[in-house]
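Note sheet for the following structure.
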Amino acid sequence: MTNLQDKKVYDIESFNKEDWSSAYKNVEKELTKEPLKISRGKSIKNLNGTLLRNGPGILERGGQWVHHPFDGDGMITSIKFENGKPFLTNRFVKTKGYLEEEKINKFIYRGVFGTQKNGGILNNVLDLKFKNIANTHVVKLGDEVLALWEAAGPHALNPDNLDTIGLTTLNGVLSPNEAFSAHPKIDLNSKTSSELLVTFGVQTGPKSTIRLMEFNNAGENSGELLIDRKDTFNGFAFLHDFAITTNWAIFLQNAIDFNPLPFVMGQKGAAQCLKSNPNKKAKFFIIPRESGLFRGQPPLIIDAPEGFVFHHVNAYEKDCKIILDSIFYDDFPSVGPDENFRNIDFDKYPEGKLKRSTINLKSKTSELETISEQCCEFGVVNPKNLGLPATFSWMASTSQKQGNAPLQAIKKINLISKEELSWSAGPSGFVSEPIMVPSEKSSEEDDGFLFIILWNGKRRGSDLVILDAKDLKELAVYELPISIPHGLHGSWVN
Ligand code: CO
């Protein structure tokens with residue numbers, strides 16, 4: 001582990017922390033089909049489809065702030081393009097907890113990332129119930145739009161106006177409020193269906209069970225569960241994301257421990273009780289996909305490299321190996337009980353780096369190689385290449401080459417030659433996950449658009465930026481009529 005205290009490498013003048021932290025405020029209003037005005041560039045002719053984004057929309061109630069933005073209630077933004085013209089609709093996910101707290105404008109639930117109820121430890125001790133905040137991802141499955149949060153069930157939304165229909169069991173597939181990951185993968189290369197949604201749920205404890213599910217997501221029986229498989233592993237599992245290849249689902253179990261005592265005692269949020277254990281080995285859980293060649297076989301468990309991973313970028317098979325690209329941190333980044341997330345010292349937190357694991361399924365070993373030293377997050381490939389070899393990846397990164405800082409740039413990297421191209425929104429713009437939408441006319445892997453919701457620190461508002469995925473040229477910028485805090489994940493629906 002590197003000593004993070006010793007890494008004052010970035011240029012402090014490069015960004016103003018208030019420009020960055022000013023994004024953290026409640027979303028003020030809900031709009032319906034609001035036409036967007038272009039502020040730079042030209043609209044994209046004949047563009048049709050909908051950009052969906054999720055992220056925390058309530059960060060403060062009655063003067064009390066959440067302890068971590070990940071504890072904020074989910075707010076969905078949809079930007080629908082009709083022949084190139086964009087219209088914005090946004091809605092809070094009306095979860096049970098949101099409605100209860102909205103009524104009295106007060107937090108009455110503790111957050112997983114450390115938000116406590118007012119009244120100190122005594123008011124939090126032994127209160128283990130939590131609120132399903134539906135704030136992490138938003139995808140289409142069958143006829144429904146789902147707002148996802150990994151520790152509980154999905155919320156169904158009306159695809160036209162984003163009104164909350166409620167918690168869904170997906171036609172009885174899930175038991176009520178069963179954990180359903182916030183990182184489904186859309187597989188466009190399966191023989192089973194022209195579009196599959198592959199996802200998982202984890203039930204954790206001294207033993208952890210991963211439920212791997214594959215849903216048809218196209219045609220007449222869209223939304224139908226096709227494949228369902230359960231595997232149990234020893235130990236506590238913290239699995240935020242996973243990766244798929246044609247034949248495998250790949251999970252990286254970080255070497256961390258969960259000590260629930262401070263959570264039970266009302267001192268910390270559950271996620272603040274996660275801690276790396278240097279004496280433990282991270283593991284890959286490699287589960288055969290029932291649609292693949294190794295159906296019915298038990299999973300492989302292989303030692304994984306050191307480090308902590310939230311997000312994977314892509315994986316594919318090559319000979320008897322799996323190549324897996326992920327964003328690695330030296331340690332688990334958690335905002336401690338005495339820290340203020342709006343004023344964190346970036347130097348004290350580990351930065352994410354793009355690294356490649358080569359997992360040998362024969363020798364059951366893995367090797368790690370750093371692809372880029374630059375701090376990054378939210379890496380994607382062309383959705384058509386998901387699970388297959390990809391030459392290009394796009395991601396959010398810092399503007400500078402070294403050290404930790406807010407994500408201000410969009411980077412394109414050639415994963416073979418390691419050549420990079422960058423577009424920066426600095427010094428006052430802050431980016432989020434880029435959504436890559438391939439061009440319909442072209443089969444070239446990097447032909448398409450990147451959609452980015454950006455926090456414009458200068459005007460203290462949100463912009464939608466569309467970049468050309470090939471050369472990262474700015475094509476169009478729209479000023480949004482709502483301010484959206486730094487968000488999490490999203491998707492594109494045709
Ligand atoms: Co995520």
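The values are calculated or read from the model by the stated rules, or taken from the named source; none is laboratory data. Nothing here was measured: the structure is a model prediction, and the numbers come from that model. No Cβ is skipped: glycine too gets one built from the backbone with ideal geometry, and neighbour counts run over all protein chains shown. Calculation scope for accessible area: heavy atoms of the full protein, side chains included, ligands and nucleic acids excluded. Shrake-Rupley method; radii C 1.70, N 1.55, O 1.52, S 1.80 Å.
Summary table below
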quantity: For Pro406: the one exception among (1) at pLDDT 95 or above; (2) open to solvent by less than 10 Å² (accessible area, probe 1.4 Å); calculated: (1)
quantity: Qualifying residue in segment 173-189 (condition: among the β-branched types (Val, Ile, Thr), in contact with a Leu (Cβ under 6 Å, 6 or more places away or on another chain) and either over 24 Å from Leu252 (Cα atoms) or modelled with pLDDT under 95 (or both)); calculated: yes
quantity: Candidates Pro350, Pro333, Pro337, filtered to the one that is within 16 Å of the ligand (Cβ to nearest atom) and at pLDDT below 95; calculated: Pro333
quantity: Odd one out for Ser424 among (1) open to solvent by 30 Å² or more (accessible area, probe 1.4 Å); (2) within 16 Å of the ligand (Cβ to nearest atom); calculated: (2)
quantity: Filter result for Lys117 (among the charged types (D, E, K, R) and either open to solvent by 60 Å² or more (accessible area, probe 1.4 Å) or at pLDDT 90 or above (or both)); calculated: no
quantity: Residue within segment 93-107 that is modelled with pLDDT under 95, at negative phi and part of a loop (DSSP other than H, G, I, E, B) present; calculated: yes
quantity: Candidate set from segment 287-330 (those that are away from the ligand (no atom under 16 Å from the Cβ) and touching a helix residue (DSSP H, G or I) at 6+ places or on another chain (Cβ under 9 Å)); member that is most open to solvent (accessible area, probe 1.4 Å); calculated: Asp330
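Condition check ((1) surrounded by fewer than 20 Cβ atoms within 10 Å (Cβ to Cβ); (2) within 16 Å of the ligand (Cβ to nearest atom)) across all residues:
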position	(1), (2)
Asn456	no, no
Gly461	yes, no
Ile466	no, no
Asp471	yes, no
Ala476	no, no
Ile484	no, no
Gly487	no, yes
Gly490	no, yes
Val493	yes, no
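Residue-by-condition table, conditions (1) over 22 Å from the mean Cα position of the chain (by Cα); (2) part of a strand (DSSP E or B); (3) under 24 Å from Leu324 (Cβ atoms); (4) of a type in the set (Phe, Trp, Tyr):
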residue: Val202; (1), (2), (3), (4): no, yes, yes, no
residue: Phe215; (1), (2), (3), (4): no, yes, yes, yes
residue: Ser222; (1), (2), (3), (4): yes, no, no, no
residue: Asp241; (1), (2), (3), (4): no, no, yes, no
